[in-house]
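*Asks:* Pasting a structure here, questions to come.
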Amino acid sequence: MTKVFLDTNILLDVIAQREPFFGPAARIWTLAEQNSIDAYVSAISFNNLYYIVRKIEGHAKAIKALRMVRDIFTSVAPDQQILDQAMDSSIKDFEDAIQYFSANHAHVNCLITRNPGDFPTSLLPILTAREFVATLKG
């Protein structure tokens, strides 16, 4: 079964129905919900999601969103190795580095993000949601 790792922005595209990104992100979300793919997220996505959704929709909706994410996706906790790799890496954004090394730690087939240029591609393929969905049709 295909194993994917979703960057926080992909989750937000679904939760906030952000166009024009919603469609492909929602397709991946649905595949995870149906257990057609194994989908992983970083544990740090939960605090990022809560912060953003709470500001837009309030506490109750933010908690509801977190519960959905918890129930559908497998969370990868940033352990000492992931943190060390993130701190020692050349990835400019520390949060992106944690996402990247969490994905690598989970041994996924690819990391799906809206910002592929923010990640190195040496260890792991980096795809947009649209690119990943296109691979399913091919």
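The values are calculated or read from the model by the stated rules, or taken from the named source; none is laboratory data. Since the model is a prediction, treat every value here as computed from it, not as a measurement. With ideal geometry, Cβ positions are generated from the backbone for all residues, glycine too; neighbour counts draw on all protein chains shown.
*Asks:* Condition first: assigned to a helix (DSSP H, G or I) and of a type in the set (S, T, N, Q). Now tell me which residues in segment 37-68 satisfy that. Give the derivation first.
*Replies:* The initial filter retains those residues of segment 37-68 that are assigned to a helix (DSSP H, G or I), namely 44-57, 59-68.
Scanning segment 37-68 gives Ser45, Asn47, Asn48.
For (1) under 17 Å from Asn48 (Cβ atoms); (2) out of contact with any Pro (no Cβ under 6 Å at 6 or more places or on another chain); (3) at pLDDT 95 or above; (4) surrounded by 13 or more Cβ atoms within 10 Å (Cβ to Cβ), each residue gets a yes or a no:
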site	(1), (2), (3), (4)
Phe73	yes, yes, yes, yes
Ala77	yes, yes, yes, no
Gln80	no, yes, yes, no
Ala86	yes, yes, yes, yes
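*Asks:* Related question: Take Phe132 and decide whether it is in contact with a strand residue (DSSP E or B) (Cβ under 8 Å, 6 or more places away or on another chain), part of a helix (DSSP H, G or I) and either modelled with pLDDT of 95 or more or surrounded by 13 or more Cβ atoms within 10 Å (Cβ to Cβ) (or both). Talk me through it step by step, then tell me what you get.
*Replies:* On the way: in contact with a strand residue (DSSP E or B) (Cβ under 8 Å, 6 or more places away or on another chain): yes; part of a helix (DSSP H, G or I): yes; either modelled with pLDDT of 95 or more or surrounded by 13 or more Cβ atoms within 10 Å (Cβ to Cβ) (or both): yes.
Yes; evaluated as a whole, the condition is true for this residue.
*Asks:* Return yes or no: is Ile56 surrounded by fewer than 21 Cβ atoms within 10 Å (Cβ to Cβ) and over 17 Å from the mean Cα position of the chain (by Cα)?
*Replies:* Numbers: surrounded by fewer than 21 Cβ atoms within 10 Å (Cβ to Cβ): yes; over 17 Å from the mean Cα position of the chain (by Cα): yes.
Answer is yes for this residue.
*Asks:* Could you check segment 2-32 and list, in sequence order, the residues that are more than 11 Å from the chain's Cα centre (by Cα) and either of a type in the set (D, E, K, R) or closer than 19 Å to Ser102 by Cα (or both)?
*Replies:* Result: Thr2, Lys3, Arg18, Glu19, Arg27, Ala32.
*Asks:* Taking segment 69-95 only, how many residues are assigned to a helix (DSSP H, G or I) and either basic (Lys, Arg) or in contact (Cβ under 8 Å) with a residue 24 or more places away in the chain (or both)?
*Replies:* Within segment 69-95, residues that are assigned to a helix (DSSP H, G or I) and either basic (Lys, Arg) or in contact (Cβ under 8 Å) with a residue 24 or more places away in the chain (or both) number 5.
*Asks:* Right, something else. Residue by residue through segment 1-21, note down the ones that are assigned to a loop (DSSP other than H, G, I, E, B) and touching a strand residue (DSSP E or B) at 6+ places or on another chain (Cβ under 8 Å).
*Replies:* From segment 1-21, those assigned to a loop (DSSP other than H, G, I, E, B) are 1-2, 7, 16-21; that's our starting set.
Within segment 1-21, Met1, Thr2, Asp7 qualify.
*Asks:* Could I ask something else about it? Might you let me know whether segment 88-102 holds any residue that is of a type outside the set (Lys, Arg), closer than 10 Å to Ala39 by Cα and in contact with a Leu (Cβ under 9 Å, 6 or more places away or on another chain)? Lay out the reasoning, then the answer.
*Replies:* To start, the set of residues in segment 88-102 that are of a type outside the set (Lys, Arg) comprises 88-91, 93-102.
Next, only the ones that are closer than 10 Å to Ala39 by Cα stay: none.
No, segment 88-102 contains no residue that is of a type outside the set (Lys, Arg), closer than 10 Å to Ala39 by Cα and in contact with a Leu (Cβ under 9 Å, 6 or more places away or on another chain).
*Asks:* In this structure, is Phe101 in contact with a Cys (Cβ under 8 Å, 6 or more places away or on another chain), outside any strand (DSSP E or B), modelled with pLDDT of 95 or more and more than 13 Å from Thr8 (Cα to Cα)? Give the steps one after another, and end with the answer.
*Replies:* Numbers: in contact with a Cys (Cβ under 8 Å, 6 or more places away or on another chain): no; outside any strand (DSSP E or B): yes; modelled with pLDDT of 95 or more: yes; more than 13 Å from Thr8 (Cα to Cα): yes.
No; evaluated as a whole, the condition is false for this residue.
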